[in-house]
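Asks: Okay, handing you the structure first.
Read-outs: derived from the displayed coordinates by stated rules, not from any lab. None of the values given here were measured: they were computed from a predicted structure.
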Amino acid sequence: MTHQRVEGFLPSTHGFHFANAWPPGPTVRFGPLDPRIIGVGDAADGLCGGMVYTAADLFAAGVAVPPVREPFANGSARFNSIVRRQIQSLAWFTVPIRYWLRSALGGSFGGDRARATLDREWPKAKTEIDAGRLVLIGLIRVASLNPWQLTMNHQVMAFGYAEDGRGVTLDLYDPNWPDRDDVTITIHLDPALRPTSLSQSTGEPLLGWFVLPYSPAEPRAWR
């Protein structure tokens, strides 16, 4: 078995110590307008992208994650910082398009999601982790043409991997499961090393995943 991890990173130390379960409230406001009136921008839908991007920023900067075990207050500097990274994680809305294509059509351009994950995305993740860098991952949880179901998908961070000939497993910081160092996702392989399915150790559905773009940002609100 091959097992590789980014040195020094553990979710129980470097991830947020509360779950991605935010009270209802607007993530942003446009003057007096609350974007929730058109069905978007509710913190209760989750800020997983902002949480994992911020955790990666803090780790890169050598800044400790706050020890608090409740989500930051809506409108506070740290809440706004996570929302900012959530928006930036969408990469000018190219990431939601990638989610929709994979949810609606299958792999990157249609077809087998598991095969596309193994052939196209796993080598990218492996290269980054081998170089000692954290990897931000988009998880595909739903097969649907309906764009309103995109919020059922998820963003996590990979900090390690294992290969044993029967599958490829990524070690995760999943903000839905705080302080857990044992959360993983696996691409299962048949004896001919062809992908058969994907799974997450915590039981959520998983159809595929892809590597998200990431550049560290200076975590000013956290110093």
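Asks: Just to confirm my numbers, what's the Cα centroid distance between the range 118-165 and the range 185-204 in Å?
Replies: 13
Asks: I would also like to ask the following. Pull out the extension gain between D179 and L10, defined as 0.36 nm times the separation in residues minus the alpha carbon to alpha carbon distance; nm, one decimal.
Replies: Numbers: separation 169, 0.36 × 169 = 60.84 nm, distance 0.86 nm.
Separation in residues times 0.36 nm, less the Cα-Cα distance, equals 60.0 nm.
Asks: How large is ³J(HN,Hα) for each residue in the range 84-91, as worked out from phi by the Karplus curve 6.51 cos²θ - 1.76 cosθ + 1.60 (θ = phi - 60°), to whole Hz, x for Gly and Pro?
Replies: Taking θ as phi minus 60°, the curve returns 4, 5, 4, 5, 5, 5, 7, 6 Hz for the range 84-91.
Asks: Then there is this: Quick one: grab the alpha carbon gyration tensor of the chain, order the square roots of its eigenvalues as a ≥ b ≥ c, and give me rounded if a/c is under 1.5, else prolate or oblate depending on whether a/b is larger than b/c.
Replies: Details: a/c = 2.06, a/b = 1.30, b/c = 1.58.
Verdict is oblate for the chain.
Asks: Can I ask one more? Counting helices only, and only those DSSP H runs with n ≥ 4, report the 222 nm mean residue ellipticity of the chain as the sum of -39,500 (n - 2.57) divided by its residues, in deg cm²/dmol to the nearest 500.
Replies: Values: 6 runs with 56 residues, N = 223.
Only helices count here, giving -7000 deg cm²/dmol.
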